[in-house]
Amino acid sequence: MPFVRFTGFEKNVVETVAPAIVEDMAAIANIPQEIVKIELLHVEKITNSPQSVEIFMFPREQEKHDAIAKMINGHLQSQGFTRTHIFYILLQPSLYYKEGLPLNEIPRKTVHEA
């Protein structure tokens, strides 16, 4: 966690940008790279839908959310995608469960991981 979910992109595009997004997102959010999950969603469009990136994560300072969105947008623009919609779905640690138990706190990078 967090989950970064791409919609409307080809798999090779997501695979190209994923390593840099994982590295940059972990640095900005101060989390271990191993917990950043990248997914490609396959949806059937009914109406005209834009390419989008959904970011499911715990709340951070607005500056960090802004920096993550700007970073993802930059990586996509470098691949020629200039009109991507990026949005957050913010989760609460107390309502995020692993093995049936709530996390209750936001995972952070520890000193030995830095």
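Overview of results
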read-out	value
Segment 82-102, residues that are β-branched (Val, Ile, Thr), assigned to a loop (DSSP other than H, G, I, E, B) and in contact (Cβ under 8 Å) with a residue 12 or more places away in the chain	Thr84
Residues of segment 1-60 classified as of a type in the set (S, T, N, Q) and more than 18 Å from Ile89 (Cβ to Cβ), total	6
Segment 66-81 - residue that is open to solvent by less than 60 Å² (accessible area, probe 1.4 Å) and touching a residue at least 40 places away in the same chain (Cβ under 8 Å) and, of those, farthest from Ile21 (Cα to Cα)	Phe81
Tally of residues being open to solvent by less than 60 Å² (accessible area, probe 1.4 Å), within 18 Å of the chain's Cα centre (by Cα) and of a type in the set (S, T, N, Q) across segment 82-101	1
Only one of Glu63, Glu105, Glu54 that is out of contact with any strand residue (DSSP E or B) (no Cβ under 6 Å at 6 or more places or on another chain), of a type outside the set (Gly, Ala, Ser) and either buried (at least 16 other Cβ atoms within 10 Å of the Cβ) or part of a loop (DSSP other than H, G, I, E, B) (or both)	Glu105
Residue pairs meeting the criteria (Cβ under 7 Å; at least 6 apart or on separate chains; first open to solvent by less than 70 Å² (accessible area, probe 1.4 Å), in segment 5-30; second of a type in the set (Gly, Ala, Ser) and part of a strand (DSSP E or B))	Thr7/Ser52; Gly8/Ser52
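The values are calculated or read from the model by the stated rules, or taken from the named source; none is laboratory data. What you are looking at is a predicted structure, and each value in this text was computed from that prediction instead of being measured. Methodologically, a virtual Cβ is constructed for each residue, glycine included, from the backbone with ideal geometry; neighbour enumeration extends over all protein chains shown. Ligands, DNA and RNA are excluded from the accessible area calculation, which covers all protein heavy atoms including side chains. Shrake-Rupley method; radii C 1.70, N 1.55, O 1.52, S 1.80 Å.
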